[in-house]
Amino acid sequence: MGDVPRRHALSSSSPRIAQQKILNFPLREAQELVKDLQSPDPRIYFADLIVSASLGWVAFYCVLLAENFSPEQLLSFVISVLALYRSVIFIHEIAHFKKSQFEFFRFVWNLGVGIPFMAPSFVYEGVHNEHHKTAVYGRKHDGEYVPFVSEGRMAILISCVAPALLPPLFALRFIVLTPLSFLHPRLRTLLWQKASSLVIDLKYCRPSPNAAYGIAWRFQEIGAFIFGAAILTLVWKGVLPARLLVVWYCVEASIFFINNLRTLGAHCYRNDSGVEMGRVGQFLDSVNIPGNPLITPLWAPVGLRFHATHHLFPTIPYHSLGEAHRRLDSQLPANTIYRKTLRKSLTQALSRLWKEARPIFILLLLVANVAAEPLEVPKKPTTFPPEGRTPEKIKRNPLDFLFRYLKATTPVGPLLFIPLVDTNKDIGMRTGIMPILALRDKKGDGIAAVIAPSFRYNRFLKSEYTWRSFWFPNRTELVVFRAAYSEVVNREIFLRYFTREFAGTKYRLNAEFHLIRDGKFSFNGFGPDSRDEDRANFSNYKIGEEISGGIPLSNNFFLELNHSYFQYQLGEGPITTLKKLSEQFPNDAILGWKRFINHGIAITYDSTDHPSLPTKGGLMTLSMATSQRALGSDFTYQSYGTQFKGYYNIRDGKYVTAAHFQFQQQQGDTIPFYVQNVVGESTGLRLEGDGRFVDRGRMILSIEERIRVARSPLLAFFSEIEISPFVDIGTVFPHPGKLRFDNLQVGPGIAARVLIRPQVVITLDLAWRGNKRNFLLKVDYPF
């Protein structure tokens with residue numbers, strides 16, 4: 001693909017014109033016009049800050065008191081956002097103060113605005129000063145500049161999403177990571193470099209502070225930690241309402257969103273060549289939006305509507321920028337050059353940036369180029385036959401011989417027919433067939449998609465039809481679509497998108513949509529002592545979404561943020577041989593729709609070599625989540641958990657030892673059984689049915705030895721067949737103090753796994769112990 005043309009870029013597209021503009025700009029005359037406007041007036045600074053902050057916090061308090069979504073609350077919210085936004089923007093003026101100038105103002109601002117918003121002044125001081133240096137502006141080390149014209153519209157859209165993530169990230173940085181960083185020097189260095197700057201360039205790495213500034217900034221850090229920890233403690237103890245955190249988040253996210261739009265309109269963002277632009281070059285790459293003197297300062301407060309003038313003369317205080325702009329606009333002999341920076345409105349500035357930016361469809365073409373790269377699948381010339389085995393020996397492998405007769409060749413890729421036979425503890429036997437079609441990519445040696453429709457029959461669900469599709473846009477992305485329909489009860493629509501490198505970065509994204517009605521579930525009562533004879537069948541209706549994002553911290557560490565919204569409703573089940581839930585457990589048969597909104601955070605260490613089919617490495621997670629009535633949920637409760645997955649292989653993956661451990665606990669309101677922790681066939685104990693054991697806490701341990709038994713040219717697209725003896729151990733408990741090892745349920749068994757690179761696995765599990773046995777078939781069911 002050829003270079004994408006970039007319009008109006010100062011440094012690349014029209015260097016001669018840009019240089020002529022710079023040479024013709026009367027800088028000395030401009031300096032003479034504004035030389036008397038350099039002195040800040042502390043009375044204006046203090047009066048403006050006190051009025052703005054007081055109005056903002058009073059309105060904030062009114063938001064807390066008002067009825068949800070009432071006109072009074074909405075009006076108070078708007079006033080709070082605009083007034084506190086003006087207060088927050090004084091951080092820009094503080095960054096331009098000289099070291100010993102207005103120290104008390106800096107202290108008052110941090111105490112009343114910066115620390116409550118988890119954004120003390122040090123996160124902008126120094127960083128913004130670098131932005132004004134002629135040797136830094138618009139170049140690699142400028143954290144406040146991204147060449148959006150060449151980066152494209154997708155980068156603009158991503159920047160508009162970031163404000164929603166900043167408030168919880170700031171809280172995590174100062175409340176959790178700050179005290180830990182004093183114990184771990186490497187974490188402290190990482191925090192300083194990557195999590196101590198208000199910037200728009202995510203690649204920015206902040207240099208170390210000098211000793212004098214470092215001491216002051218350390219006190220600001222400690223102050224933010226004390227304030228944040230105190231607020232959370234008071235909310236936890238019930239002294240302050242939980243909705244305080246909700247309002248705080250909404251106000252701060254709104255402030256960052258407005259400021260992000262203002263920032264996008266503040267520059268032209270055309271310098272993608274990395275050359276030094278000079279003082280006048282900065283000015284011509286910046287934007288003035290004088291606008292309406294009453295309306296424009298609401299979104300560009302504290303003089304920022306004259307941003308180009310500010311870059312020309314950064315020492316002019318905000319209260320004199322309007323006069324400076326008036327003089328320069330009216331008295332400069334070459335005022336047409338000065339007016340090159342003018343825009344009528346923010347809408348015009350954003351519209352011009354959007355038009356000049358690289359279109360999204362070009363980014364899609366770039367993604368298509370990536371998708372055309374070979375996928376991470378074995379290639380016939382290099383992988384097959386496996387080392388030490390001749391084609392003749394491969395053909396005599398019994399499993400190869402079997403799959404040879406189950407496989408057909410089509411023009412688009414190989415087609416494999418899998419007979420379906422499984423037994424479920426609740427609904428009994430199901431039989432059917434599942435053809436699996438692997439679609440070759442354009443080069444013909446990898447997989448672009450896998451399609452796996454199936455038909456099954458069960459005496460309770462009758463005929464059941466399922467469509468499964470797995471798309472692999474490139475080596476880091478996966479798209480899953482599943483739809484199911486049965487004659488009785490069951491319905492499903494499931495959509496998932498996952499990527500390890502969102503928008504070309506190291507950020508992870510997982511988004512899922514669920515619409516499910518399933519009638520095979522049962523409930524036996526609470527606790528590890530619940531009895532099989534008490535089992536009652538019900539159907540579960542579930543609709544909602546779940547979104548999680550992974551933010552890289554260092555190497556294999558990620559900060560995971562999770563949001564989910566689901567609604568549940570119970571109905572009578574189709575299994576006539578079991579008791580009805582409403583009769584067996586009338587107090588637990590909550591049949592009406594119930595809403596669950598959860599927000600979670602986790603620290604994850606992930607060194608696995610593949611997101612779905614790992615053979616080595618480990619994954620460890622510490623997580624917590626909350627559901628609050630103040631956020632719209634029908635119940636208030638918290639969830640805590642830890643998880644470990646480990647993989648160890650020898651002989652290049654021929655033998656893989658896999659282990660999975662999970663510990664979870666819920667606290668808070670009494671919640672319906674169907675959202676409590678479950679131990680069963682799809683949650684780690686394959687010997688039992690879905691939902692067999694239910695309580696507020698659970699512990700699961702599974703160990704498998706995955707032995708690769710076949711890789712052959714006949715299965716070029718089905719890269720591995722494994723036999724996996726396993727043992728599952730699990731139990732539930734109301735709280736950790738009630739965990740008893742004599743309540744552990746043990747389920748040994750053996751599994752056969754068919755791995756379809758790059759992302760799909762079909763697993764047939766046979767678990768048994770004494771008179772109990774369970775035979776399962778799952779698609780996309782690895783751990």
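So is Pro167 assigned by TED's automatic domain parsing to the domain that holds Pro116, of a type outside the set (Val, Ile, Thr) and either under 20 Å from the mean Cα position of the chain (by Cα) or modelled with pLDDT of 85 or more (or both) or not?
Against the criterion (assigned by TED's automatic domain parsing to the domain that holds Pro116, of a type outside the set (Val, Ile, Thr) and either under 20 Å from the mean Cα position of the chain (by Cα) or modelled with pLDDT of 85 or more (or both)), Pro167 qualifies.
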Study note, to complete from the structure: Residues in the stretch 511-557 that are part of a strand (DSSP E or B) and over 27 Å from the mean Cα position of the chain (by Cα) total 13
Check your understanding: Would it be correct to say that Glu93 is touching a helix residue (DSSP H, G or I) at 6+ places or on another chain (Cβ under 8 Å), crowded, with 18+ Cβ neighbours inside 10 Å, of a type outside the set (A, V, I, L, M, F, W, C) and under 25 Å from Ser39 (Cα atoms)?
Key -> yes
Review point. Got at least one residue in the stretch 81-101 being farther than 18 Å from Leu166 by Cα and of a type in the set (Phe, Trp, Tyr)?
Key: yes
Check your understanding: What number goes with the only condition from (1) surrounded by fewer than 16 Cβ atoms within 10 Å (Cβ to Cβ); (2) modelled with pLDDT of 95 or more that Tyr485 does not pass?
Key -> (2)
Practice item. Go through the stretch 594-611 and count every residue that is polar (S, T, N, Q), in a loop (DSSP other than H, G, I, E, B) and surrounded by 17 or more Cβ atoms within 10 Å (Cβ to Cβ). Key: 1
Revision key, fill the gap. Those residues of the stretch 614-637 which are among the hydroxyl-bearing types (Ser, Thr, Tyr) and touching a residue at least 40 places away in the same chain (Cβ under 8 Å) amount to Thr615, Thr621, Ser623, Ser627, Thr636
Check your understanding: Restricting attention to the stretch 65-77, and to residues there that are surrounded by fewer than 16 Cβ atoms within 10 Å (Cβ to Cβ) and in contact with a helix residue (DSSP H, G or I) (Cβ under 8 Å, 6 or more places away or on another chain), which single residue is nearest to Val302 (Cα to Cα)?
Key -> Glu72
Check your understanding: Residues of the stretch 137-174 being closer than 14 Å to Arg270 by Cα, in a helix (DSSP H, G or I) and among the charged types (D, E, K, R), which ones?
Key -> Glu151, Arg153
Exercise for review: Tell me, please, whether a residue that is outside any helix (DSSP H, G or I) and free of Cβ contacts under 8 Å to residues at least 12 places away in the same chain can be found in the stretch 185-196.
Suggested key: no
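Each row is one residue, and each column tells you yes or no for (1) assigned to a strand (DSSP E or B); (2) of a type in the set (Gly, Ala, Ser); (3) farther than 20 Å from Ile543 by Cα.
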position	(1), (2), (3)
Ile436	yes, no, yes
Leu439	yes, no, yes
Val450	yes, no, yes
Arg456	yes, no, yes
Pro473	no, no, yes
Ala483	yes, yes, no
Val489	no, no, no
Phe494	yes, no, no
Tyr497	yes, no, no
Check your understanding: Do we find a residue being surrounded by fewer than 15 Cβ atoms within 10 Å (Cβ to Cβ) and touching a Leu at 6+ places or on another chain (Cβ under 8 Å) anywhere in the stretch 550-566?
Key -> yes
Point to revise | Count of residues meeting criterion [loosely packed, with under 15 Cβ neighbours inside 10 Å, at pLDDT below 90 and part of a helix (DSSP H, G or I)] in the stretch 323-339 | key: 5
Point to revise | Criterion: modelled with pLDDT under 55 and either surrounded by 15 or more Cβ atoms within 10 Å (Cβ to Cβ) or not assigned by TED's automatic domain parsing to the domain that holds Glu722 (or both) - qualifying residue of Leu363, Leu461, Leu353 | key: Leu363
Revision key, fill the gap. Of (1) part of a helix (DSSP H, G or I); (2) hydrophobic (A, V, I, L, M, F, W, C); (3) modelled with pLDDT of 95 or more; (4) surrounded by 21 or more Cβ atoms within 10 Å (Cβ to Cβ), Val302 fails just (1)
Check your understanding: Is there a residue in the stretch 314-322 that is buried (at least 22 other Cβ atoms within 10 Å of the Cβ), outside any helix (DSSP H, G or I) and in contact (Cβ under 8 Å) with a residue 60 or more places away in the chain?
Key -> yes
Review point. List, please: which pairs have Cβ atoms under 7 Å, are six or more places apart or on different chains, and start with a residue in the stretch 51-63 that is crowded, with 16+ Cβ neighbours inside 10 Å and end with one that is of a type in the set (Phe, Trp, Tyr)?
Key: Val63/Phe77
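The values are calculated or read from the model by the stated rules, or taken from the named source; none is laboratory data. Model, not experiment: these values are computed from the prediction. Heads up, the Cβs are rebuilt from the backbone with ideal geometry, glycines too, and the neighbour counts pull from every protein chain shown.
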